[in-house]
Amino acid sequence: ITAPWFAALAADKQAAAAKRMADLLEGEKAGYDVGAYRDAPPGLRIWCGATVERSDLQVLLPWLDWAYAEIEREFGQKAA
């Protein structure tokens, strides 16, 4: 997540925002296990290997937009 509001957050808030985004996606059954690895920078990881259908990724993209808008609404104010 490279948005200026996200970069302005403290590291613990970045981690919380990324986790919240992953939790939102899982809660809507739109994506599972998309959180970054524990030792990686806060963000998401999305498997796009040979076993993933292009159509599945196309379905996921609007959900990513939705979840991003939600965390921006929740955490973006905290960065200001």
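We did not get these values from a lab; they are worked out from the coordinates using the rules stated. The structure presented is a predicted model; accordingly, all values stated were derived computationally and were not measured. Counting neighbours? That spans all protein chains shown, and the Cβs are built from the backbone with ideal geometry, glycine included.
Helix 54-79 and the longest principal axis of the C-alpha atoms of the chain enclose an angle of approximately 10°.
What ranking do 33-40, 67-74 get when scored by the average of other Cβ atoms within 10 Å per residue, highest first?
Put in order of decreasing packing, that is 67-74, 33-40.
Largest first and in whole Å, the equivalent-ellipsoid semi-axes of the chain read 23, 14, 10, each the square root of five times a Cα gyration tensor eigenvalue.
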